[in-house]
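See below for the structure under consideration.
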Amino acid sequence: MMKTNVIMLFHSAAVAALLGASTTAPAASRDTISIVGSSTVYPFATVVAERFGRSTDFKSPKIESTGTGGGLKLFCSGVGANTPDVTNASRRIKKSEFDNCLSNGVDNVVEVLVGYDGIAIANSAKASQLTLSLRDVYLALAKDVPGKNGELIANPYSTWKDVNPQLPAVNIEVLGPPPTSGTRDAFVELAMAGGAKSNGDLEALYKLGADQESEIRTVMKKLGVSGAVYDAIAQSKGKAPKGKDVFKALAYAVREDGVYIEAGENDNLIVQKLEANPNAVGIFGYSFLEENGDKVQGSVVDGVAPSFESIASGNYPVSRPLYFYIKGAHVGKIPGIQEYAAEFTSNRAMGEDGYLTERGLIPLEDTERDAVREDIKTLRQLEM
Amino acid sequence: MNSNEDYRTTALIQASLRKRYARERRFRLYGMLAVLAGFVFLFLLLADIIIKGTPAFTQHYIKVTVDFDRDSLGLPQNFTSEDLARADYGAVIKRSLREMFPDVSIRAEKRRLYRLISIGAEYSLRDMVVADPALVGKKRNIWLLAHSEASSYLKGQVAAATEEAERKVKDVQMRWLNALREEGRTELRFNTTFFLAGDSREPELAGIKAALVGSLYTLLVTFCLAFPIGVMAAIYLEEFAPRNRLTDLIEININNLAAVPSIVFGLLGLAVFINFFELPRSAPLVGGIVLALMTLPTIIITSRAAIQAVPPSIHEAALGVGASKLQTILHHVLPVAMPGILTGSIIGMAQALGETAPLLMIGMVAFIMEVPAGVTDPATVLPVQIFLWADSPERGFTEKTSAAIMVLMAFLIMMNAAAVYLRRRFERK
């Protein structure tokens with residue numbers, strides 16, 4: 001009895017293993033749309049996916065939150081059932097990423113602009129609201145800032161009061177997204193770069209072209225930056241860099257001395273930490289500010305507080321467009337891609353009273369929306 | 001002199017004895033404190049999860065007099081079942097709510113009124129009408145699922161004392177809900193959706209079933225691969241393999257493999273199974289294979305220990321009466337070793353059940369609504385579901401997160417109970 005039991009157990013396990021092995025043939029096609037990409041677009045895309053799955057005969061799409069960069073990497077890895085059909089992005093696709101797509105045979109990419117998102121610089125509702133300028137943000141968070149004699153020095157500021165005497169004397173402690181995040185890309189591009197341009201030398205550098213090497217080197221000398229930086233950028237680019245490239249290398253670097261804390265892609269976690277620590281400041285998408293308006297408050301940036309209206313009108317300085325990209329080659333092969341995109345851009349989703357608008361997406365203007373719908377209908381190919 | 005010395009020795013011993021006893025008492029006290037500290041932490045953790053999670057197992061329904069008016073539904077004169085599936089049930093619910101509260105006229109207030117009922121009510125009305133087209137044109141009292149915010153107010157989770165701006169449920173909504181409650185139009189029911197539905201972005205519609213089934217499929221694949229391979233490897237290494245440098249090396253490597261961080265197996269799964277063998281992304285098949293690799297060392301090590309623990313007398317007696325090596329192993333060694341092997345395997349499986357890191361790499365951390373129908377369908381697993389809910393901005397997911405943790409723990413306790421039961425059964429024989 002006992003031995004037959006054991007033998008039976010073995011047999012059944014072995015048979016099951018064989019069965020498992022026999023079904024390992026690669027799946028040629030899918031009937032579920034596969035979506036990857038930005039964690040900022042994820043909360044909107046999942047709502048659309050759910051409504052789409054419930055109200056149509058298509059299966060609801062599968063959505064992974066990989067971050068904008070990670071999503072575009074997967075998206076551009078090739079054409080076929082085991083590559084994603086759609087990727088969400090909280091910034092526009094970069095030229096280098098588009099080239100990567102092309103080199104992997106992903107040549108028919110359709111770009112869909114879905115709306116705007118503000119990046120909130122927020123603190124606990126228990127603390128007093130901060131009034132910041134982009135310059136304050138830059139000085140508080142840049143790795144190197146202009147010192148007394150105009151040369152760049154390692155960031156010496158430890159309290160907000162050091163940065164700007166009108167700000168409170170609390171230690172600078174900022175929780176923000178890691179470099180893989182689209183939120184971080186947009187933040188450095190909009191807030192840090194905006195603030196850095198308040199410095200005359202850096203702004204002059206930003207405007208110099210690729211053919212003005214000697215001028216670039218002069219400004220760099222003024223800023224106390226070694227010429228080796230220029231050579232390194234030239235080498236990595238493979239051609240003479242523009243002043244803008246050097247500017248990026250100098251202004252986009254976030255301090256690494258523990259003042260800026262990378263809090264992962266989990267925006268909820270940042271909100272929780274802000275609630276526990278009234279001195280800390282957090283950086284995250286506007287939709288999380290709206291959902292947690294009772295726990296955290298957005299800071300006023302350059303005189304404008306983050307609100308639905310100020311972001312939609314473009315007055316709030318730290319706002320960015322949200323996109324998704326469709327792999328044209330998969331349309332017609334994987335069912336429902338165009339219908340999903342149509343649902344995303346429909347009036348009941350992103351109209352004035354749409355369900356995405358209710359969740360904090362800042363909608364497009366009517367004319368923009370019509371253009372986007374037309375692009376989806378005709379699958380207009382993105383060119384860069 | 002002799003007696004004097006004796007006396008001194010006794011005194012010395014007695015003095016040191018007291019010290020030794022005191023030391024022992026202290027040691028025992030530390031031990032008890034350690035156990036107590038462990039219990040306190042465990043208790044706090046469990047109490048927190050259970051207190052937070054219990055409300056998730058019930059949710060409110062609101063009785064609404066629904067008027068299935070053909071115009072509101074947007075149906076043509078002679079409608080087909082296809083028209084019925086596409087009709088505007090949201091408009092019907094909105095109209096019915098407005099009729100119940102006729103004094104609401106401001107647009108913003110209307111929107112607040114509509115937010116009392118879950119979006120899922122539209123789909124349940126659709127299913128009702130499609131099943132029974134005769135409902136069109138009639139009025140019915142129907143219990144509709146409440147929005148998670150309304151439900152959380154009715155459950156008493158919203159403190160009315162907090163400032164209105166800081167609450168999701170506004171004063172006017174509280175008034176409506178109180179009125180409904182007084183009329184007996186609200187009801188607290190057991191939340192079957194939580195066990196029968198897949199994931200959703202609406203807390204009141206979100207369920208654990210897709211993740212539960214995903215976990216089952218993943219563990220099935222893991223077990224079917226890891227158990228036979230692990231036990232065979234253990235038998236071969238214990239009973240057949242010669243003792244030499246090579247087997248020593250293999251043994252050291254297996255032990256090291258057991259200590260490799262699980263994310264590494266995820267990277268391996270991505271590189272080998274998805275990129276090279278082109279198996280589908282996000283599928284329990286790949287997840288199961290990856291977790292099988294992760295649990296293999298555990299199973300091999302525990303199985304070897306169990307086989308080693310079989311008394312040599314059994315082994316030698318069997319060989320002595322003329323049994324072959326295979327017969328000895330299958331008839332005598334394995335049955336005795338089975339309880340140990342099973343315990344080790346189930347503990348390995350329990351570890352696999354709680355794993356998320358390797359699944360991140362192979363795309364199983366995703367928003368998936370559909371319940372998977374096989375091992376190649378996109379799926380997610382219980383711990384991933386917990387992670388995703390913890391990460392959602394909607395407040396209603398806080399209680400769902402704790403409830404999902406309770407389900408996961410129930411699953412784990414069941415697996416451990418199975419291990420205990422199987423061991424008892426085999427040992428009795």
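What aspartates and glutamates could a cross-link reach from A:K244, if we take a straight Cα to Cα line under 13 Å and drop same-chain neighbours fewer than 8 places away? Here the aspartates and glutamates satisfying the reach criterion relative to A:K244 are A:E189, A:D201, A:E203, A:D211, A:E213, A:E215. Extending 7 Å from the Cα toward the beta-carbon at both A:E339 and B:A11 defines two label points whose distance is 10.0 nm. Rounded to the nearest 0.05, what FRET efficiency do A:Q129 and B:Y114 give with R0 = 35 Å and r taken as the Cβ-Cβ distance? Could you check? The formula returns an efficiency of 0.65 here. Beta-bridge orientation, chain A: approximately 70 percent antiparallel, per DSSP, counting only bridges with both partners inside.
Over the stretch B:55-191, the ratio between the Cα radius of gyration and 2.2 N^0.38 Å evaluates to 1.11. For the cross-link pairs A:K94/A:K327; A:K126/A:K295; A:K95/A:K333, the ones whose C-alpha atoms lie over 18 Å apart are A:K95/A:K333. Helix-only arithmetic for chain B: the sum of -39500 (n - 2.57) across DSSP H runs with n ≥ 4, divided by the residue total, places the mean residue ellipticity at 222 nm at -20000 deg cm²/dmol.
Charge dipole (Cα centre; +1 on Lys/Arg Cβ, -1 on Asp/Glu Cβ; no other charges) of the protein assembly as shown amounts to roughly 2420 debye. Taking every DSSP helix (H) stretch of at least 4 residues in chain A, weighting each as -39,500 (n - 2.57) and dividing the sum by the residue count yields a mean residue ellipticity at 222 nm of -11500 deg cm²/dmol.
With Cα atoms as the point set, the stretch B:31-96 shows a radius of gyration and Dmax of 26.0, 80 Å. Principal axis extents of the Cα atoms in the stretch B:209-428, from largest to smallest and rounded to whole angstrom, are 69, 41, 28. Counting only protein heavy atoms, what percent of the accessible surface of the stretch B:353-401 is carbon or sulfur at a 1.4 Å probe? So the carbon and sulfur contribution to the accessible surface is 61 percent. Evaluating 6.51 cos²θ - 1.76 cosθ + 1.60 at θ = phi - 60° for every residue in the stretch B:49-60, the Karplus couplings come out as 5, 5, 5, 6, x, 4, x, 5, 7, 10, 8, 8 Hz, glycine and proline recorded as x. When peptides B:252-258, A:131-137, B:288-294 are sorted by average Cβ neighbour count within 10 Å, with the highest value leading, the order is B:288-294, A:131-137, B:252-258. Shielding value for B:366-378 is 6, the average number of Cβ atoms from other chains within 10 Å of each residue's Cβ.
In chain B, the longest principal axis of the Cα atoms and the axis of helix B:284-308 are about 30 degrees apart. Partner shielding of B:219-227 amounts to 4, given as the average count of beta-carbon atoms from other chains within 10 Å of each residue beta-carbon. Of the residues B:A131, B:F68, A:N171, the one whose Cα sits farthest towards the positive end of the charge dipole of the protein assembly as shown is A:N171 (charges of +1 on Lys and Arg Cβ, -1 on Asp and Glu Cβ, taken about the Cα centre). With a 10 Å cut-off around each Cβ of A:35-45, the average count of Cβ atoms from other chains is 2. Note on A:K222 and A:A276: with the Förster distance fixed at 51 Å, the Cβ-Cβ geometry gives a FRET efficiency of about 0.70.
Shown for the stretch B:55-191: lysine pairs separated by 8 or more places, or found on different chains, whose C-alpha atoms are under 28 Å apart, numbering 20.
Using C-alpha pairs below 8 Å separated by at least 6 residues, the relative contact order for chain B is 19 percent. By the rule of a C-alpha distance below 24 Å, with chain neighbours fewer than 8 residues away ignored, the lysines paired with B:K325 are A:K3, B:K429.
The mean accessible area for residues of the protein assembly as shown, using a 1.4 Å probe and ignoring ligands and nucleic acids, is 47 Å² per residue. With the Kirkwood sum run over all distinct C-alpha pairs, the stretch B:103-254 has a hydrodynamic radius of 20.8 Å. Candidates B:A37, A:L190, A:M220 compared by Cα position along the dipole of the protein assembly as shown: farthest toward the positive end lies B:A37, with charges placed on Cβ. Distance between the 7 Å Cα→Cβ label points at B:A323 and B:Y21: 5.4 nm.
Rounded to the nearest 20 debye, the dipole size of chain A about its Cα centre is 880 debye, using +1 on the Cβ of Lys and Arg and -1 on the Cβ of Asp and Glu. Taking label positions 7 Å along the Cα-Cβ direction at both B:D83 and B:R70, the computed distance is 0.8 nm, reported to one decimal. Left without a cysteine partner by the 4.7 Å Cβ rule in the protein assembly as shown: B:C224. The share of accessible area on chain A that comes from carbon and sulfur is 52 percent, using a 1.4 angstrom probe.
Farthest towards the positive end of the charge dipole of the stretch B:209-428, among the residues B:T398, B:Q351, B:F367, is the Cα of B:Q351, using unit charges on the Cβ of Lys, Arg, Asp and Glu. Dipole magnitude for the stretch A:118-319: computed about the Cα centre from +1 point charges on Lys and Arg Cβ and -1 point charges on Asp and Glu Cβ, it is near 540 debye.
DSSP beta bridges fully contained in the protein assembly as shown are about 75 percent antiparallel.
The slack between B:E182 and B:L36, meaning 0.36 nm per residue of separation minus the straight C-alpha distance, is 47.8 nm. Using a 1.4 angstrom probe on protein heavy atoms only, the contact between B and A buries about 4600 square angstrom of accessible area, both sides summed.
The values are calculated or read from the model by the stated rules, or taken from the named source; none is laboratory data. Bear in mind that the values here come from a model prediction, so they are computed numbers and not experimental data. Positions of Cβ are generated from backbone atoms using ideal geometry, with glycine treated the same way; all protein chains shown enter the neighbour counts. Surface areas here come from the heavy atoms of the whole protein model, side chains and all, with no ligands, DNA or RNA. Shrake-Rupley method; radii C 1.70, N 1.55, O 1.52, S 1.80 Å.
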